[in-house]
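Everything on this sheet refers to the single structure shown next.
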Amino acid sequence: MHTRARYLVFFQYIGTKYSGAVKVPPHQLERKGIQDHLEDAIRRLKPLNPVSLFVSSRTDTGVHALSNSAHFDLQRKNNKLPFTEDTLVEALNFHLRTEQIRITRAHRVPDDFHARFHAQSRTYVYRIALGISHGSLLPLTDHNLCWNIRNTELDMGAMRKAAALLVGTHNFSSFRAVSSDLPFKNPVKTLDVADIQPGRDIPIWELTFRSRSFLYRQVRRMTGALVAVGQGQLSVPQLKDILEAQDSLAYPQGLAAPAHGLFLTRVDYKDSDLKLSQQMSEEQFPSTGNSEDST
């Protein structure tokens, strides 16, 4: 009997080369997305079943991830036992070694687990550099990894007041960009965290947003609006008016923050959703047999 195992993998990537984790349209096949590279790596493990990857969070072109997640099923040939988690990480990273994508950890999960629908929260961090006269003066570790705003000052007090207005359950229609799935997405979201703090590297500031889910480009549009408040282009009452308008057309054109400063940093799940039954655990870690080979 062939055992099909479902795995949850966490991975990171720098998004400047790719179209995020979304499948690239057929007419753009020369520019693969993150999901395409991951599926190619899984296929190189020679599974018996067709490869389908289900990603927890889509990201736009140029957006980065320190921790995204996805699940897939893998059925090995010749009745081989399921991969151990460490072996799976090593094997996938071997096949991803030429890309700016790395698998950080893996878990074998129940067959009914879904990386997207079981996610309890997603955390994004937007990085802003202040007071750097030109982008070329940024350290290599920050180049194209933050939004460089030449103004040396932002009114952080006003920005925090504006951010506080966004926390809670709201109709965020004004902060979503138009997309093909717009009619099918509920615009009411609960934003658990909207925090602004200095980053570890001065003069980098970090805006942190946490919610169970976000609308298309919601974080970039919220960030752009908060920066506009900090620059005095918008007042706190004006931002409140934009939120309460519940209309994407109420959002000022050209205000959204650029993609390259945005990082998906966490996707969290309930421990109970990740826990295998005793029977599956014994199957995953049998007392005999070898599940170490990666082909």
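The set of residues in the range 159-173 being of a type in the set (Gly, Ala, Ser) and open to solvent by 60 Å² or more (accessible area, probe 1.4 Å) consists of Ala164 alone. Examine the range 239-253 for a residue that is out of contact with any His (no Cβ under 6 Å at 6 or more places or on another chain), at pLDDT below 95 and open to solvent by less than 50 Å² (accessible area, probe 1.4 Å), and state whether such a residue exists. Within the range 239-253 (the criterion being out of contact with any His (no Cβ under 6 Å at 6 or more places or on another chain), at pLDDT below 95 and open to solvent by less than 50 Å² (accessible area, probe 1.4 Å)), the answer is yes, since at least one residue qualifies.
Candidates Lys275, Lys270: the one that is basic (Lys, Arg), modelled with pLDDT of 95 or more, within 30 Å of Thr84 (Cβ to Cβ) and surrounded by fewer than 17 Cβ atoms within 10 Å (Cβ to Cβ) is Lys270. Pairs please, first residue from the range 236-264 and under 18 Å from Ala164 (Cα atoms), second anywhere and exposed (fewer than 15 other Cβ atoms within 10 Å of the Cβ) and among the hydroxyl-bearing types (Ser, Thr, Tyr), Cβ atoms under 7 Å, 6+ apart in sequence or on different chains. Between residues of the range 236-264 that are under 18 Å from Ala164 (Cα atoms) and residues that are exposed (fewer than 15 other Cβ atoms within 10 Å of the Cβ) and among the hydroxyl-bearing types (Ser, Thr, Tyr), there is no close pair. Candidates in the range 209-231 are the residues that are of a type in the set (Gly, Ala, Ser) and under 13 Å from the mean Cα position of the chain (by Cα); of these, the one that is modelled with the highest pLDDT is Ser211. With respect to the conditions (1) crowded, with 23+ Cβ neighbours inside 10 Å; (2) closer than 23 Å to Val55 by Cβ, Leu226 falls short on a single one, namely (2).
Checked against (1) on the phi > 0 side of the Ramachandran plot; (2) at pLDDT 90 or above, Arg43 meets all criteria but (1).
Considering every residue within the range 149-166, establish whether at least one is in a helix (DSSP H, G or I), over 28 Å from Ile14 (Cα atoms), of a type in the set (Asp, Glu) and touching a helix residue (DSSP H, G or I) at 6+ places or on another chain (Cβ under 9 Å). Among the residues of the range 149-166, not one is in a helix (DSSP H, G or I), over 28 Å from Ile14 (Cα atoms), of a type in the set (Asp, Glu) and touching a helix residue (DSSP H, G or I) at 6+ places or on another chain (Cβ under 9 Å), which makes the answer no. So, in the range 222-260, how many residues would count as being farther than 11 Å from Tyr126 by Cβ and not in a loop (DSSP other than H, G, I, E, B)? Final tally of qualifying residues: 18. Of note, Ser294 satisfies the criterion of being open to solvent by 30 Å² or more (accessible area, probe 1.4 Å), of a type in the set (Gly, Ala, Ser) and either part of a loop (DSSP other than H, G, I, E, B) or at pLDDT 95 or above (or both).
The values are calculated or read from the model by the stated rules, or taken from the named source; none is laboratory data. Predicted model only: the values in this text are computed from it and were never measured. Because the Cβ atoms are built from the backbone with ideal geometry, glycine has one as well, and the counts that use them run over all protein chains shown. When the accessible area is computed, the model is the full protein with side chains, heavy atoms only, and any ligands, DNA or RNA have been set aside. Shrake-Rupley method; radii C 1.70, N 1.55, O 1.52, S 1.80 Å.
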